[in-house]
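See structure below.
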């Protein structure tokens, strides 16, 4: 969904790709990056992602606000069919280093 200015776009993207590659190496999962154009999903070039990654602070759009620096680092949501609108997503507290 976004990247952190602490690392920049290229480093953030590379770190996420490396983490997902590690998961692929030890699980039967396979990850493919898709273009998320938002709702509705009526453009054939777009797809609804199963995982979205967000860097945010405090109240960042879900019922679990972050608490600033030196507190909660991140949280994630159960994949579908559970987890609600944020199913499968991972959120990182932008106030943390």
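Where a number appears in this text, it was derived from the coordinates with a stated rule and is not lab data. Everything numeric in this text was worked out from a predicted model, so none of it was measured. Every residue, glycine among them, receives a Cβ derived from its backbone with ideal geometry; neighbour counts consider all protein chains shown.
Calculated mean residue ellipticity, 222 nm, the chain: -6500 deg cm²/dmol, from DSSP H runs (n ≥ 4) at -39500 (n - 2.57) each, averaged per residue and rounded to 500.
Packing order of peptides 71-79, 46-54, highest average first: 46-54, 71-79 (average count of other Cβ atoms within 10 Å over each peptide's residues). Here the spin labels are modelled as points 7 Å beyond Cα on the Cα-Cβ line, and at residue 18 and residue 74 they lie 1.3 nm apart.
For the chain, treating each Cα as an identical point scatterer without solvent, what Debye log10 I(q)/I(0) comes out at q = 0.12, 0.20 1/Å? Those come out to -0.44, -1.20, one per q.
Subtracting the Cα-Cα distance from 0.36 nm times the residue separation, let me have the gained length for residue 30 to residue 59 in nm, one decimal. Show your work: numbers first, answer last.
Values: separation 29, 0.36 × 29 = 10.44 nm, distance 3.15 nm.
Taking residue 30 through residue 59 to full extension adds about 7.3 nm, to one decimal.
The gain in end-to-end length when the residue 6 to residue 67 segment is fully stretched comes to 20.1 nm, 0.36 nm per residue minus the alpha carbon separation.
Computed from Cα positions, the angle between helix 9-26 and the longest principal axis of the chain comes to roughly 60 degrees.
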